[in-house]
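Participant: Sharing a structure here in structure tokens format.
The values are calculated or read from the model by the stated rules, or taken from the named source; none is laboratory data. Keep in mind that what you see is a predicted model, and the values were worked out from it rather than measured. Neighbour counts are summed over all protein chains in view; Cβ atoms, including those assigned to glycine, are modelled from backbone coordinates with ideal geometry. Only protein heavy atoms, including side chains, enter the accessible area calculation; ligands, DNA and RNA are left aside. Shrake-Rupley method; radii C 1.70, N 1.55, O 1.52, S 1.80 Å.
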Amino acid sequence: MCDDPRMTPSFVPDPVLRDQLADVRGLLLDMDGVLVLRNEPILGAAEALAALDAAGVPYLVATNTSMVSRATISRELGRLGLSIPAERIISAASAAAAYARRRFAAGPLYVLLAPDAQFEFEGLRLLSHDEAADPSARAAAVVVGDARDEFTPRNMQTAFTLLGGGARFVAMHKNRWWLTPAGVMLDSGAYVAALEFATQKRALVTGKPSRAFFAEGVRQLGGLAAGEVAMVGDDLWNDVRGAQRTGLRGVFVRSGKHGDAELARATAGRGGRAPDAVAASIVEVVAALVGR
């Protein structure tokens, strides 16, 4: 099937993992920590994706990225040797755009988002900052993502005014901070929290770990029940637990940011829940699925 000896037909899948994934028919794959780590492809990831394609197992790359469009993500993954078309990616931005098309297709939107990611909202009516700041302006929804330099006092006031005028509130995620080449940076969750506090409106979150995100992933896979889809991730809370709360299977891989210490915390105490399966990496997960 491929050149990686772990993924050849002679590879014997882990029988325990194979049984745990027996009912899985499709996958949502986190990007960072599952396919890529520190801007390098994880060993065997490309071969694992090729094996899924050869076996006809549907999958989507599921990422909370809202800074860039899926087309840009696809190009960046391609440079790392991972050939994944944009339509096989679901992001916090694309999930918000899909929600907006279903709920607000006829109304204007005020979207605080980096310019490249705004391509996800193509075909929808987006208010410019000047249009939205007009005292007579009204919006069907205010949508907040990774806007970086767009988070100006004027634009935040505009968002506050539109929300006060009846606009619905949509947030792509509520992350507090993120790690960049320049260091730890304030993330859009802080701005979402400020608007929630000021307006006393709770934002609908479309990215992980929201039910809306995972439900959109299942919808895009098409023809599968939630219980037939597994979310494979390195984040025990945003990926695994979020998927489980929506009725998906949650598969934890140790190839990213969380390890055994976090696994113990996630499963201990009241409300703790173990992943449906645990594997070293995406390679072992795919071997269990296609090597039955």
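Participant: Say R0 is 22 Å: what FRET efficiency, to the nearest 0.05, do ARG103 and SER128 get from their beta-carbon distance?
Facilitator: With a Förster radius of 22 Å, E is 0.55.
Participant: Could you state the principal axis extents of the C-alpha atoms in segment 142-196, from the largest down, to the nearest angstrom?
Facilitator: Each principal axis gives a Cα extent; for segment 142-196 these are 38, 20, 14 Å.
Participant: With a cut-off of 8 Å between alpha carbons and a minimum separation of six or more residues, what is the relative contact order of the chain in percent?
Facilitator: 23 percent
Participant: What share of the DSSP beta bridges in the chain is antiparallel, in percent to the nearest 5?
Facilitator: Roughly 15 percent of the beta bridges in the chain run antiparallel, per DSSP.
Participant: Non-local amide H neighbours of VAL36 (under 5 Å, H modeled in plane, Pro and chain starts lacking H): which ones?
Facilitator: ILE42
Participant: Report, in degrees rounded to the nearest 10, the 0 to 90 angle that the Cα long axis of helix 45-55 makes with the longest principal axis of the chain.
Facilitator: The helix 45-55 is inclined about 80 degrees to the chain.
Participant: Probe of 1.4 angstrom, ligands and nucleic acids ignored: what's the accessible area per residue over the chain, in square angstrom?
Facilitator: Computed with neighbouring chains in place, this is 46 Å² per residue.
Participant: Do you know the relative contact order of segment 159-292, to the nearest whole percent, from alpha carbon pairs under 8 angstrom that are 6+ apart?
Facilitator: That works out to 16 percent.
Participant: When the chain is fully extended, how far beyond the present Cα-Cα distance does ARG18 get from ARG273, taking 0.36 nm per residue of separation?
Facilitator: Between ARG18 and ARG273, full extension yields 89.8 nm more.
Participant: If amide hydrogens are placed 1.01 Å from N in the peptide plane, which non-local residues have theirs closer than 5 Å to the one on TYR59?
Facilitator: So TYR59 has HN proximity to LEU27.
Participant: Counting every Cα pair in segment 150-292, what percent are over 28 Å apart?
Facilitator: Value for segment 150-292 (Cα pairs over 28 Å): 33 percent.
Participant: Which log10 I(q)/I(0) values does segment 112-162 give at q = 0.14, 0.20, 0.28 Å⁻¹ under the Debye formula, counting every alpha carbon as one identical point scatterer?
Facilitator: -0.33, -0.68, -1.28
Participant: Moving on to the next point. In terms of modelled amide H atoms, which long-range or inter-chain residues lie less than 5 Å from the amide H of ARG168?
Facilitator: ALA141, VAL142
Participant: Would you mind checking the tilt of helix 92-103 against the longest principal axis of the Cα atoms of the chain, expressed as 0 to 90 degrees and rounded to 10?
Facilitator: 60 degrees
Participant: Please determine, in degrees from 0 to 90 and to the nearest 10, the orientation of helix 153-164 with respect to the longest principal axis defined by the Cα atoms of the chain, where the helix direction is its Cα long axis.
Facilitator: So the helix axis and the longest Cα principal axis differ by about 90 degrees.
Participant: Please enumerate, by chain and number, the lysines with C-alpha under 18 Å from the C-alpha of LYS257, excluding those fewer than 8 residues away in the same chain.
Facilitator: Leaving aside lysines fewer than 8 places away in the same chain, those within reach of LYS257 are LYS208.
Participant: Comparing MET31, MET172, MET185, which has the greatest mean-square fluctuation in the GNM of the chain with Cα pairs linked when under 10 Å apart?
Facilitator: MET185
Participant: Let me ask you something else. Once fully extended, how much extra length lies between GLU262 and ASP53, figured as 0.36 nm per residue of separation less the alpha-carbon to alpha-carbon distance? Kindly include the intermediate steps, with their values, before the conclusion.
Facilitator: Details: separation 209, 0.36 × 209 = 75.24 nm, distance 3.19 nm.
Contour length minus Cα-Cα distance gives 72.1 nm.
Participant: Percent relative contact order of segment 24-145, based on C-alpha pairs within less than 8 angstrom and at least six residues apart?
Facilitator: Worked out over segment 24-145, it gives 23 percent.
Participant: State log₁₀ I(q)/I(0) for segment 230-271 at q = 0.18 Å⁻¹ as given by the Debye formula over alpha-carbon point scatterers of equal weight, solvent excluded.
Facilitator: -0.44
Participant: Okay, next question. Could you let me know the centre-to-centre spacing of segment 147-213 and segment 77-135, using Cα atoms, in angstrom?
Facilitator: 15 Å
Participant: Give the Rg (one decimal place) followed by the Dmax (whole number) of segment 83-213, computed from C-alpha coordinates and expressed in Å.
Facilitator: Expressed in Å, the Cα Rg and Dmax of segment 83-213 come to 14.2, 47.
Participant: Follow-up question, since we're still on this one. Taking the simple approach of a point 7 Å from Cα along Cα-to-Cβ for both THR152 and GLU228, what is their distance in nm?
Facilitator: 5.0 nm
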